[in-house]
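**Student:** Quick one: structure below, then a few questions.
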Amino acid sequence: MSMQPPHLLLTLSDGPRALADAAILRMSSPLLRRLKPARHPQSVMVIPGFLGDDRGNAPLIKFLQRLGHTASGWGQGRNLGAQGFSQDQLRETMEPLIAAGNGKIALIGHSLGGIYAREIARAAPELVSQVITLGSPFGAGRQHASRVSRLYQRLNPQVVDRHIDDNLSLPPPVPTTAIYTKADGIVNWRTSRQSGAFPHVHNIEVLGSHIGLNRNAAVWYWVAKKLAEL
C-alpha cells in the first residue's frame, strides 16, 4: 500500500491551526522565558520550509539568541526548492557560524529545510553538531505523501526524482531529532518520523499543524532542550 497524503480536511485546516499554534505560543511565552540560558551556546542555522523564508523563522531565531546561541537564518530568500538557491552562497552564510561555534553548527530545518539540513550533515558531518527537523518528509513514500509535491515539481522541473535514493531516508551520522505532528495537513506524518533503530536519533511527537511547527511552543521547548544536551 502506497503512502497517501494527509486527509483533505487536515490540509484545509492546517493554515487556521497554524494561527492557533502562534496564539498558544504567545500565551506560553512566560514559561519559555523561564528557560535558562544555554551553558554551552552553539551556532545555529534555521532553514525555512518550502515557500518559506527567514522572516517566518525570525521569532524562533530570536528565541534561540535570547538563550545565548549564535542563531541565524539561511540568507537565501524564499525557499523555492533545490534549483532556487546557491550552495556556494549557503556555505558562505554557514562559514562565520561555524567559526563562531568552534568548527560546528547545529542545523534546524522546517519541512523541506530539514531535508537540506540532513543532507548537509550527511555530506559534512565534521561541521555539524546536530540536526533537528520539523515536519520534514524524508521517509519512504514521501513523493506521493505530500500535498505540495506537484507544485514543487513545477518549480523544480530539472530536479531528478530521488525516490530510488534510499539514503534520503537514512539519518545523517550526527545526533538527529525528528519532530513531527500526527495532525500534519501537508505531508503524511509517517514520512517525518525516522524509522528503524538508531541510537543517535530521537523522534518527538507534538500537537499542532505543519505550517505552524516553527511557531509551536512545544517545538521551541524541545529545540532548546536538544541544543542544551550537547
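The values are calculated or read from the model by the stated rules, or taken from the named source; none is laboratory data. Computed from a prediction, not measured in an experiment: that's the story for all the values here. Because the Cβ atoms are built from the backbone with ideal geometry, glycine has one as well, and the counts that use them run over all protein chains shown.
**Student:** Residue by residue through the range 104-124, note down the ones that are touching a strand residue (DSSP E or B) at 6+ places or on another chain (Cβ under 9 Å), farther than 22 Å from ARG190 by Cα and either surrounded by fewer than 18 Cβ atoms within 10 Å (Cβ to Cβ) or not hydrophobic (A, V, I, L, M, F, W, C) (or both).
**Tutor:** LYS104
**Student:** State all residues of the range 15-31 that are of a type outside the set (A, V, I, L, M, F, W, C) and within 10 Å of ALA217 (Cα to Cα); if no residue qualifies, say none.
**Tutor:** Listed by number, the residues that qualify are ASP21, ARG26, SER28, SER29.
**Student:** Picking from HIS200, HIS210, which residue would you name as being under 23 Å from SER129 (Cα atoms) and either under 14 Å from the mean Cα position of the chain (by Cα) or in contact (Cβ under 8 Å) with a residue 24 or more places away in the chain (or both)?
**Tutor:** HIS200
**Student:** Now for a separate question. Is there any pair with a first residue in the range 84-104 that is under 30 Å from PRO157 (Cβ atoms) and a second that is in a loop (DSSP other than H, G, I, E, B) whose Cβ atoms are under 6 Å apart and which are 6 or more apart or on different chains, and what are they?
**Tutor:** As it stands, the answer is PHE85/GLN76; THR93/GLY75, since those pairs meet every condition given.
**Student:** I want to confirm something. Restricting to the range 16-74 and keeping residues that are small (Gly, Ala, Ser) and under 13 Å from the mean Cα position of the chain (by Cα), which single residue is surrounded by the most Cβ atoms within 10 Å (Cβ to Cβ)?
**Tutor:** GLY49
**Student:** When LEU127 is evaluated against the numbered criteria (1) in contact (Cβ under 8 Å) with a residue 40 or more places away in the chain; (2) buried (at least 17 other Cβ atoms within 10 Å of the Cβ); (3) touching a helix residue (DSSP H, G or I) at 6+ places or on another chain (Cβ under 9 Å), which criterion, by number, is the only one it fails?
**Tutor:** Tallying (1) in contact (Cβ under 8 Å) with a residue 40 or more places away in the chain; (2) buried (at least 17 other Cβ atoms within 10 Å of the Cβ); (3) touching a helix residue (DSSP H, G or I) at 6+ places or on another chain (Cβ under 9 Å), LEU127 fails exactly one: (1).
**Student:** Scanning for something modelled with pLDDT of 95 or more and part of a loop (DSSP other than H, G, I, E, B), does the range 155-169 turn up at least one residue?
**Tutor:** no
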